[in-house]
Amino acid sequence: MPLIFKDKPKRLLDIGGNTGKFAIKCVQFDPDVHVTMMDLPGQLEIAKANIEKLGLSDRISFHPANILDKTQKFPKGYDAIWMSQFLDCFSDSEITSILKRCDEAIDNNAKVYILEPFWDKQRFKTAAFSLQMTSIYFTAMANGNSQMYYSETFLKLIEKAGLKVEEETNQVGVCHTLLKCAKK
């Protein structure tokens, strides 16, 4: 949270918000932020129930969307866009499409934050090996096109989408890298 909120975003778009845990943590961390979760309608219904139980409905809103639909524009007016272990679920072309639409949605002051467990950024060889084997599972069994990425491959996708990495913070938590991106 301190890495994201040092820029004091007032409006944050959480793409692939899932059950709402991150959105909840954001509004609990910063009393001035409003979070919009963008995900599939069914997923947002689950998140909405979790958020209502905590009485946070006035600070978290919802934008239902099929993010893989390339014609689906992302809403504008956000200071930050957040994606956590979300992009690795997709193919290179799908990631590029999502990131291009992020680029189109932000202004020159907004940031795009991407949290991913890159296998080449691991402190221990066994962690890197585990992530590589997870890639085999995703490719062969789960959805056929996602993987745990080698960071250089991922950075090329960010560049291709029209964004640039301003900051890279490794070893966030146990094994993640946080990329802070902006318009080129």
Taking 8 Å as the Cα distance limit and 6 or more residues as the minimum spacing, I'd like the relative contact order of the chain as a percentage.
19 percent
Unit charges at the beta carbon, dipole of the chain: most positive-side option, TYR149, GLN122, VAL33
VAL33
In whole Hz, what ³J(HN,Hα) sequence does region 93-101 give by Karplus (6.51, -1.76, 1.60; θ = phi - 60°), x for Gly and Pro?
5, 5, 4, 4, 4, 4, 5, 4, 6
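Quick one: order LEU179, LEU68 by neighbouring beta-carbon count within 10 Å, fewest to most.
Arranged by neighbour count, lowest to highest, LEU179, LEU68 become LEU68, LEU179.
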Connecting every pair of Cα atoms under 10 Å apart in the chain and solving the GNM, the largest mean-square fluctuation among PRO75, PRO41, PRO31 falls on PRO31
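How about region 12-103: which chymotrypsin sites (Phe, Trp or Tyr not before Pro) there lie in a loop by DSSP and see at most 11 other Cβ atoms within 10 Å? Show your work: numbers first, answer last.
Details: sites: PHE22, PHE29, PHE62, TYR78, TRP82, PHE86, PHE90; in loops: TYR78, PHE86, PHE90.
Here no chymotrypsin sites (Phe, Trp or Tyr not before Pro) fit, given the DSSP loop and packing criteria.
Can you check what the net charge comes to around GLN72, using other residues whose Cβ is under 14 Å from the Cβ of GLN72 (Lys, Arg +1; Asp, Glu -1)? Mind dumping the intermediate values first?
Details: positive: LYS70, LYS73, LYS76, LYS100, ARG101; negative: ASP39, ASP69, GLU94, GLU104.
Local net charge: +1.
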HN-Hα couplings for region 59-76 via Karplus (6.51, -1.76, 1.60; θ = phi - 60°), in whole Hz with x for Gly/Pro, come out as 10, 10, 10, 9, 10, x, 6, 8, 5, 7, 6, 4, 7, 6, 6, 8, x, 9
Output ³J(HN,Hα) for region 2-15: one whole-Hz value per residue in order, computed from phi by the Karplus curve 6.51 cos²θ - 1.76 cosθ + 1.60 with θ = phi - 60°, and x for Gly and Pro.
x, 5, 7, 8, 5, 8, 6, x, 9, 10, 10, 9, 9, 8
What are the residues whose amide H is under 5 Å from the amide H of LYS111, where those residues sit 5 or more places off or on another chain and H is modelled from the backbone?
ALA80, ILE81
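Rounded to the nearest 500, what is the 222 nm mean residue ellipticity of the chain from helices alone, with -39500 (n - 2.57) per DSSP H run of 4+ residues and division by all residues?
Details: 6 runs with 63 residues, N = 184.
The per-residue figure over the chain is -10000 deg cm²/dmol.
Give, as a single signed number, the net charge of other residues whose beta carbon lies under 14 Å from the beta carbon of ALA161, with Lys and Arg counted +1 and Asp and Glu -1.
On the way: positive: LYS70, LYS100, ARG101, LYS156, LYS160, LYS164, LYS183, LYS184; negative: ASP92, GLU94, ASP103, GLU104, GLU159.
That works out to +3.
How large is the charge dipole for the chain, taken about the Cα centre, if only the Cβ atoms of Lys, Arg (+1) and Asp, Glu (-1) carry charge, to the nearest 20 debye? Working shown, then result.
Values: 24 positive and 23 negative charges, 40 e Å.
Value, rounded to 20: 200 debye.
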Tell me which residues come under 5 Å, amide H to amide H, from HIS34 once H is placed; ignore anything under 5 positions away on its chain.
ARG11, LEU12
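Report for the chain the percent antiparallel among DSSP-assigned beta bridges with both residues inside it, nearest 5.
Working: 12 of 30 bridges.
Among the beta bridges of the chain, antiparallel pairing accounts for roughly 40 percent.
Going through the cross-link list LYS76/LYS184; LYS76/LYS183; LYS8/LYS121; LYS21/LYS156, which pairs have a Cα-Cα distance over 24 Å in this structure? Could you put the intermediate results ahead of the total?
Numbers: LYS76/LYS184 18 Å; LYS76/LYS183 14 Å; LYS8/LYS121 28 Å; LYS21/LYS156 30 Å.
Exceeds cut-off: LYS8/LYS121; LYS21/LYS156.
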Can you tell which of LYS121, LYS76, LYS53 shows the greatest fluctuation in a Gaussian network model of the chain with Cα springs below 10 Å?
LYS53
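Coordinate-derived values only; no laboratory data. Computed from a prediction, not measured in an experiment: that's the story for all the values here. We place every Cβ from the backbone using ideal geometry, glycine too, and count neighbours over all the protein chains shown.
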